[in-house]
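Single-structure report; data block below.
The values are calculated or read from the model by the stated rules, or taken from the named source; none is laboratory data. Computed from a predicted model, the values in this text were never measured in an experiment. A quick note on method: Cβ atoms are made from the backbone with ideal geometry, for glycine too, and the neighbour counts reach across all protein chains shown.
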């Protein structure tokens with residue numbers, strides 16, 4: 001490539017928006033239409049990352065008792081199976097104050113444990129539920145109303161779209177999940193994110209940090225901060241899914257000690273040497289987790305159950321329930337060993353595995 005040329009990966013990639021953000025925008029527009037009896041062309045909502053975004057409302061219908069609004073999901077430059085999906089929220093009044101959220105046509109139902117939503121509920125994850133609830137509360141407050149609201153989220157083509165996802169394997173039946181923790185879809189292949197991680201590591205080293213804490217997300221970062229209160233804020237870096245890249249950057253910058261903090265799903269991959277832990281990079285290997293469980297003392301019957309588990313988080317729950325704390329120590333040790341193998345050694349590497357509720361499950365240093 002000629003000097004100064006740019007590859008496709010170097011171009012800024014456009015972020016998209018999650019199904020949770022789309023459902024929230026549709027719900028907000030529907031409630032405003034229900035109250036004002038006027039069609040809405042757009043809805044501006046605040047995303048979990050603090051950004052305010054206006055969503056186009058492609059359809060808005062209403063009566064005196066209920067309203068419906070529709071948003072087309074835009075996946076940005078990382079389009080997934082839900083890109084272009086019609087996300088519809090129908091809002092109606094309830095006789096008593098409160099906010100009820102449910103799924104309609106094309107939104108799956110949870111049939112297996114191990115997911116953030118309880119069995120029997122619509123597959124609308126906790127953050128989207130919170131976003132919808134906050135949007136409803138905001139609009140009701142704006143119009144000084146104390147009324148109950150029911151929101152039903154539907155995706156007309158959801159059952160067909162779900163065939164292109166892992167929902168069936170996860171026990172989510174009848175449609176897609178309404179997802180999102182940030183509100184935006186971060187492009188999978190982004191040199192910009194890698195560059196920000198590399199820059200954060202350089203800044204930390206320049207600030208005199210010799211021990212860095214790399215986390216996969218916000219909850220794991222908070223755990224790391226609480227675990228190492230003596231470290232300066234520069235020492236805490238969100239590496240996202242780029243585990244191997246971040247570890248290599250730490251070696252290049254001469255870091256002497258690294259702590260990885262994350263949850264079962266991503267770290268069960270790191271334990272096998274998978275250093276890019278995005279859900280598109282590699283599936284969770286339940287056969288591997290079953291082997292670790294067996295080494296931790298699980299019975300043959302329990303090992304079989306682990307091998308047939310729904311999610312890595314469910315495996316973690318089972319190990320806790322059965323009292324095999326050593327499982328998490330083993331998994332942490334594998335992560336540290338594979339991480340050091342990836343970079344060829346050169347520093348002390350600690351792995352800390354936490355639960356989805358931010359509770360320490362296990363740790364090991366190498």
- Test result for residue 130, in a helix (DSSP H, G or I), under 21 Å from the mean Cα position of the chain (by Cα) and under 30 Å from residue 321 (Cα atoms): yes
- Item | Neighbours by Cβ (under 7 Å, 6+ apart or cross-chain): first from the range 118-145, farther than 13 Å from residue 21 by Cα and in the same structural domain as residue 102 (by TED's automatic domain parsing); second part of a loop (DSSP other than H, G, I, E, B) and at pLDDT 95 or above | 123/108; 140/147
- Task: Report those helices (runs of 4 or more DSSP H) wholly inside the range 299-366 carrying at least 1 residues which are at pLDDT 95 or above and under 22 Å from residue 219 (Cβ atoms).
- Result: 312-322, 326-343
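Which helices (runs of 4 or more DSSP H) does the range 194-280 wholly contain that include 3 or more residues that are modelled with pLDDT of 90 or more, crowded, with 24+ Cβ neighbours inside 10 Å and touching a helix residue (DSSP H, G or I) at 6+ places or on another chain (Cβ under 7 Å)? Please lay out each step first, then the result.
Details: elements: 218-227, 243-252, 264-270.
It comes to 243-252, 264-270.
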- Item | Residue count for the range 147-162, restricted to those that are over 22 Å from the mean Cα position of the chain (by Cα) and over 22 Å from residue 31 (Cβ atoms) | 2
- Message: Suppose we filter the range 133-146 for residues that are under 16 Å from residue 89 (Cβ atoms) and either more than 22 Å from the chain's Cα centre (by Cα) or in a loop (DSSP other than H, G, I, E, B) (or both); how many remain?
- Response: 5
- Matching entry among 149, 110 (being surrounded by 18 or more Cβ atoms within 10 Å (Cβ to Cβ) and modelled with pLDDT under 95): 110
